[in-house]
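Reviewing the structure listed below.
The values are calculated or read from the model by the stated rules, or taken from the named source; none is laboratory data. A quick note: this is a predicted structure, and the numbers were derived from the prediction, not measured. Heads up, the Cβs are rebuilt from the backbone with ideal geometry, glycines too, and the neighbour counts pull from every protein chain shown. Surface areas here come from the heavy atoms of the whole protein model, side chains and all, with no ligands, DNA or RNA. Shrake-Rupley method; radii C 1.70, N 1.55, O 1.52, S 1.80 Å.
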Amino acid sequence: MSDPRNEVLRNQLKEMIAEEFKIPLEKLTPDVTMEALGIDSLSLIDFMFDVEDKLGLEMPDSRTPLVTLGDVFAEIDKATVKAK
Amino acid sequence: MINSSIRPVCVTGIGIVSPLGNNLNSFTRALQSGQSGIQVLSNQPPSRSLRVGGVVNINFSDYLGLAQISILDRVSLLALVAASEAVQNANDHASSPAALNQAGVYLGTGIGGIQALENAYAEHFLRDGKRIKPFTVVQAMNNASAGHIAMEFKCHGPSLTYSTACSSSAMAIGEAYRAIKHGYIDCALAGGTEAMLVPGTIDAWDALRTLAIADADNPASACKPFSKNRTGLVLAEGAAVIVLEALDVALKRGATIYALISGYGSHTDAKHLTKPDADGQTATMRAALREARLDPGAIGYVNAHGTATLAGDVVETNAIKQVFGQYAHTLPVSSTKSMHGHLMGATGAIEFVAALCALRENFLPPTINLAEPDPACDLDYVANTARMGVSLLHVMSNSFAFGGSNACLIASAS
């Protein structure tokens, strides 16, 4: 959690969510559910693909349900930098 | 609730998104003016000849929300726009709205969300194969459009998708008609949608050697049904949806009645997968006439399947002669595909709507691009110019499909 790289990525992720789904940044707390943000599961997966592309990351092939924003942060934490 | 008596069925709403305009009014005016909706395609795949198609020019954000636009395949977007107009139409001037809550959705499509599938294949085969969009399956599946219509209008009746190639949406309308007629439901949204103007699919059609060869100096005239110099069909996209209701229910809520549906024939050639069969087509038209309890002489206009293929137009001409006998030579028959192209799974619906427009406004839509008829095609095809001011009581629409799945619909003045 204290890894500075993670903090940077989380902030970038929040900004991307805010822009893509038109949600105020202050609502993007770790415990808020994606459902409460009005983001359905398919839209989220689609969005995560864009995140991978834009941030140059590769997420693990995971089946963990992404219920809260904290779950999404955790996925980002596990991501590796994509080989060029 | 199943009502064992047989109930008259009527059309109370019509919605259309087509190469001839994106609402009923512009579509009707285009039919009357003999306009062509065929144009050169912008995404020319490498091929031997110029590619043309019946393209829907539309800005979806004028009709739908961003959330829908970003996650639906074009085929479902077209269907939603057409369904919206049909529902709005059904409620205009009525004292109470159509009871959509228990309505069925009966939709035809030939190939569903093929754009999503082609995009996915391009990712898989041309790039790293790991970037296929998570929406691919739900965009591509054939019943996506019916599902979206049901969700949009909260229709909890049966939601059925028919995929019988070129007759898909005629089948959908016919089956919806019977479900109401026999009391299974009171109301249905029925029609068809297709959005197949994508390179791989066009190439697949081209490989069948059935696509028209367009004249470079006049590409809009590429589709020439019944003409001596016809070269094949022109692919097109679009959607047409109608609201069907039991007549008593529609009258009770003060709805405008566009027409009655009076007959439906569904018959299979069971001979050859692609070769049209005059006997099968004859049986289909006769089945529709039987259900409508009409003599052939009562039909005032036939909207032909008329694809402009070399074989198809002659076979249909012969089938019409078998059904109508001597009357075939004076019965007006036209192929509106000459104007809007071949919408495949949606073509039965758009052509039935063309027949409904003719019935309601008492005109005969033309077969355009018909300078010199094929000697083997010797009926009155309403060549080139619409005939206004006629009087129509009953009209027929033919849809004959690959797979030998044929459908014929008859509508009558209300």
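Ranked by the mean number of other Cβ atoms within 10 Å of their residues, highest first, the peptides B:169-180, B:357-368 fall in the order B:169-180, B:357-368.
Partner aspartates and glutamates whose Cα lies under 15 Å from the Cα of B:LYS252, excluding those fewer than 8 positions away in the same chain, are identified as B:ASP92, B:ASP186.
Dividing the convex hull volume of the alpha carbon atoms of segment B:1-134 by its residue count gives 209 Å³ per residue. Take each peptide in B:156-165, B:291-300, count the other Cβ atoms within 10 Å of every residue, and average; sorted highest first, the result is B:156-165, B:291-300. Eigen-decomposition of the gyration tensor built on the alpha-carbon atoms of segment B:45-94 gives equivalent ellipsoid semi-axes of 30, 15, 8 angstrom, largest listed first. Sorting A:73-80, B:226-233, A:61-68, B:333-340 by average packing, meaning the other beta carbons within 10 Å per residue, from highest down gives B:333-340, B:226-233, A:73-80, A:61-68.
In this simple spin-label model, placing a label point 7 Å from the Cα along the Cα-to-Cβ direction at both B:ALA67 and B:ALA99 gives a separation of 2.9 nm. Normalised Debye scattering of segment B:270-414 at q = 0.08, 0.14, 0.15 Å⁻¹ gives log10 I(q)/I(0) of -0.18, -0.58, -0.67, counting only Cα atoms as equal scatterers and leaving out solvent. Would you work out if segment A:4-81 is rounded, prolate or oblate? Take a ≥ b ≥ c from the square roots of the eigenvalues of the alpha-carbon gyration tensor; rounded if a/c is under 1.5, else prolate when a/b is larger than b/c, oblate otherwise. Rounded shape, in that the Cα axes give a/c under 1.5.
Rounded, prolate or oblate for chain B? Axes are the square roots of the Cα gyration tensor eigenvalues, ordered a ≥ b ≥ c, and the cut-off for rounded is a/c under 1.5. It is oblate, given that a/c is not under 1.5 and a/b is not larger than b/c. In segment B:9-259, the DSSP beta bridges split such that about 65 percent are antiparallel, to the nearest 5. Within the protein assembly as shown, the ratio Rg/Rh, alpha carbon atoms throughout and Rh by Kirkwood, equals 1.04. Residue pairs exceeding 25 angstrom between C-alpha atoms, taken from A:LYS14/B:LYS154; B:LYS228/B:LYS337; B:LYS133/B:LYS337: A:LYS14/B:LYS154; B:LYS133/B:LYS337. Within the same chain, aspartates and glutamates fewer than 8 places from A:LYS82 are excluded, and of the rest, those with a Cα less than 17 Å from its Cα are A:ASP50, A:GLU52, A:ASP53, A:GLU58, A:ASP61, B:ASP128.
Per residue of peptide B:257-268, the mean number of Cβ atoms on other chains within 10 Å of the residue Cβ is 0. Annotation: the antiparallel percentage among DSSP beta bridges lying fully within the protein assembly as shown is about 70. Excluding ligands, DNA and RNA, the accessible surface per residue across segment B:138-244 is 33 Å² with a 1.4 Å probe. Over segment B:360-414, with a single point scatterer placed on each C-alpha, what log10 of the ratio I(q)/I(0) does the Debye formula yield at q = 0.17 1/Å? So the normalised log intensities work out to -0.77. Here segment B:390-414 is scanned for amide nitrogen atoms under 19 Å from the site 7 Å beyond the Cα of B:THR256 along Cα-to-Cβ, giving B:392, B:412-414. Buried between A and B is an accessible area of approximately 800 Å², summed over both sides with a 1.4 Å probe. Once the Cα-Cα distance is subtracted from the 0.36 nm per residue extended length, the B:PHE125 to B:ASN229 segment shows a gain of 33.5 nm. Peptide B:132-143 shows a mean partner chain C-beta count of 2 within 10 Å per residue C-beta. Per-residue shielding of A:47-54, expressed as the average number of other chain Cβ atoms within 10 Å of the residue Cβ, stands at 1. The modelled label-to-label distance between B:SER42 and B:LEU310, using points 7 Å beyond Cα along the C-beta direction, is 3.5 nm. Of the accessible area of chain B, computed with a 1.4 Å probe over protein heavy atoms only, carbon and sulfur atoms account for 55 percent.
Placing R0 at 35 angstrom, the Cβ-Cβ distance between A:ASN11 and A:ARG63 gives a FRET efficiency of 0.85 after rounding to 0.05.
A straight Cα-to-Cα reach below 19 Å connects B:LYS321 with the aspartates and glutamates B:ASP269, B:ASP277, B:ASP279, B:ASP295, B:ASP313, B:ASP374, B:ASP378, B:ASP380, residues fewer than 8 places away in its own chain not being considered. Each of B:GLY34, B:ALA287, B:THR231 was placed along the dipole of the protein assembly as shown (beta-carbon charges, centred on the mean Cα), and the one lying farthest toward the positive end is B:ALA287. Computed from the C-beta positions of A:ALA74 and B:LYS154, the FRET efficiency with R₀ = 41 Å rounds to 0.65. The 1.4 Å probe gives accessible areas that order B:TYR106, B:TYR184, B:TYR63, largest first, as B:TYR184, B:TYR63, B:TYR106. With a Förster radius of 45 Å applied to the beta-carbon distance between B:ASP279 and B:ASP92, the computed FRET efficiency rounds to 0.55.
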